[in-house]
Amino acid sequence: MKKKLIAGNWKMNGGVAANAALLEQLSAGMPANPCWVAVCAPAVYLQQVATITHGGAIAVGAQDVSAHDAGAYTGEMSAGMLRDLGIRYAIVGHSERRQYHGETDAVVALKAQKALSCGVTPIVCVGETLEEREAGKTEEVVKRQLAAVIHTNGHCISEIVVAYEPVWAIGTGKTATPEQAQEVHAVLRAQLAAATPHADRVHILYGGSMNAANAQQLLGQKDIDGGLVGGASLKAADFLTIIAAASAA
Ligand code: PGA
């Protein structure tokens with residue numbers, strides 16, 4: 001069985017001193033044979049986090065990447081720049097970016113493509129809103145979101161990480177039940193399997209109020225290969241508990 005992946009999404013949180021303290025606590029508490037671990041830091045701290053974690057068990061991720069290679073795109077950060085700093089992952093299509101920055105499925109697919117072309121693994125987020133779930137559209141929505149990425153990235157698709165993050169569960173304390181999450185993960189796995197013979201290799205993470213208390217049960221599901229963890233990744237003890245659960249699963 002493949003090692004699980006736990007990725008922390010710090011969102012717009014942190015500071016020079018706080019990041020250093022958190023990373024020190026994480027390194028000190030890492031289990032002997034850890035799962036894959038990453039922290040996705042705000043752009044301005046990527047270099048700091050990469051310097052501190054260099055050579056250790058914690059990989060670094062960005063929270064976004066540009067759909068362009070270079071040029072007049074003020075405020076943006078290219079996949080090549082991430083590679084330059086040794087950044088391993090980039091979250092793309094997080095629901096907060098889809099919602100507040102108008103990112104479409106097509107833009108998200110292009111961002112994933114740019115990341116892959118520079119050897120940065122995109123963590124592609126998909127997920128339905130509460131309204132969509134209640135209308136019975138969960139499967140339709142996540143499949144549409146993933147289809148765009150599959151269409152644009154062809155046979156490279158086995159190189160991506162997928163994160164299923166029901167929007168209604170993000171930062172709300174409402175977690176999908178392990179059964180609800182597994183049901184959607186199985187749909188996503190089948191969709192990947194139709195596109196690549198290597199669908200089993202793809203990490204499909206669950207995200208949305210994953211915490212120290214519920215991680216073990218979620219990670220026990222057949223198609224849940226790890227977690228994308230927001231709030232709980234900012235507290236060393238909680239994040240370490242999730243890492244321990246994933247390392248033992
Ligand atoms: P949360 O966030 O764990 O705070 O719900 C997860 C995410 O948005 O990636």
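The values are calculated or read from the model by the stated rules, or taken from the named source; none is laboratory data. Not measured: the values here are computed from a predicted model. With ideal geometry, Cβ positions are generated from the backbone for all residues, glycine too; neighbour counts draw on all protein chains shown. In case anyone asks, the SASA skips ligands and DNA or RNA and just uses the protein heavy atoms, side chains included. Shrake-Rupley method; radii C 1.70, N 1.55, O 1.52, S 1.80 Å.
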Task: Single condition G119 does not satisfy, out of (1) assigned to a helix (DSSP H, G or I); (2) away from the ligand (no atom under 16 Å from the Cβ) - done: (1)
Open item on the list: Can you tell me which of (1) small (G, A, S); (2) modelled with pLDDT under 95; (3) in contact with a Cys (Cβ under 7 Å, 6 or more places away or on another chain) is the one G55 doesn't meet?
Closed with: (3)
TODO: Filter region 79-116 for residues that are touching a Leu at 6+ places or on another chain (Cβ under 8 Å), within 14 Å of the ligand (Cβ to nearest atom) and farther than 22 Å from V187 by Cα and give the result.
DONE: A90
Task: Count of residues meeting criterion [within 17 Å of A195 (Cα to Cα), in contact with a helix residue (DSSP H, G or I) (Cβ under 8 Å, 6 or more places away or on another chain) and at pLDDT below 95] in region 153-177 - done: 2
Task: Index of the failed condition, A245 passing every other in (1) open to solvent by less than 10 Å² (accessible area, probe 1.4 Å); (2) away from the ligand (no atom under 12 Å from the Cβ); (3) in contact with a Leu (Cβ under 8 Å, 6 or more places away or on another chain) - done: (1)
- [ ] Scan region 121-141 residue by residue and report those that are buried (at least 23 other Cβ atoms within 10 Å of the Cβ) and closer than 20 Å to A90 by Cβ.
- [x] P122, I123, V124, C125, V126, G127
